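Reading through the structure tokens given below for one structure.
Nothing in this text is a laboratory measurement; each read-out follows from the coordinates by a stated rule. Values in this document were obtained by computation on a predicted structure and should not be read as measured data. With ideal geometry, Cβ positions are generated from the backbone for all residues, glycine too; neighbour counts draw on all protein chains shown.
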Amino acid sequence: MAERIRIEHELSTGARPEGATTEQAAAINVRKMFDSIAPRYDLLNHLLSMGLDRWWWNRTARSLRAVLERPEASVLDLCCGTGDMTLALMQYRPTSAGEAPVFAVDFSPEMLARGKEKFAGHNIVAIEADALHLPLENDSLDLITSAFGFRNLANYDEGLAELYRVLRSGGQIGILDCNQPEGIVGSLYNLYFKSVLPRVGGFISGDANAYRYLPASVERFPRPPRMLEMIRAAGFRDAHWTGYTFGTAGLYRATKP
Ligand SMILES: C[S@@+](CC[C@H](N)C(=O)[O-])C[C@H]1O[C@@H](n2cnc3c(N)ncnc32)[C@H](O)[C@@H]1O
């Protein structure tokens, strides 16, 4: 049994917060962590990203505008958290009567509650659900975005398979997430991410563990060449990555054939 857990821990690619040796434990741990930091999440996000978060959300939404502008397009913002990526998408949704709603999914009730407050007056349907078990039909969506959420899934291959399942043929994914850059930028990034960020984040949120998990999860997240391989292996085509801000973040895009 111990051996099986050790093998699962080492072989499966997915988030593993400290102490979580199984996928189930990892998911529970991640959900509790986001519930705990939800009251301070927005403040810390803007502060620790030095305001870049907003720019990254907007840039992602702008690059997906061709789908967003279609009134009938079914759109899902996965791991929506407190909803800022979802709202960035709404800038490009037509406001004519009859346009399809945007779905916003997250499994942390505390994060989603804050998102729901921001969604008032917008055509957004918030759903509390796990990204690995979406309560959505096969072949039903035209676009799935996820900002800084995919990295937290307990199993990336299963996450990609689930996205593939619910997308229609021709549907697209846009996964925005952190990246650990190489070279001199990488060294500066490491210094900031591993020393400054956990201290400031831990102090303001009161959850030091959560802000130690953040750099650890980025380190564990596959680098772009590997992630693109995984996206292609899940069946997507035209997979590519665009680095943002010296490669400290970036957008994965791909299409279901
Ligand atoms: C770093 S936050 C990002 C929130 C938002 N997208 C943003 O850009 O600010 C990650 C979010 O992913 C959610 N999440 C992590 N794993 C999930 C899963 N398996 N299913 C659904 N939501 C998940 C967390 O609850 C959290 O709200």
Problem set entry | Kirkwood Rh and Cα Rg combined as Rg over Rh, evaluated for the chain | 0.94
Exercise. What is the fewest-to-most order of MET227, MET90 by other Cβ atoms lying within 10 Å of their Cβ?
Worked result: MET90, MET227
Exercise. Per residue and in cubic angstrom, what volume does the convex hull of the Cα atoms of segment 129-241 have?
Worked result: 106
Seminar exercise, completed: Listing CYS178, CYS79 by rising number of other beta-carbon atoms within 10 angstrom, fewest first, gives CYS178, CYS79
Problem set entry | Cβ-based exposure ranking for SER146, SER217, SER96, in which fewest neighbours within 10 Å come first | SER96, SER217, SER146
Problem set entry | Linear extension gain, ALA233 paired with HIS133, 0.36 nm per residue minus alpha-carbon span | 34.0 nm
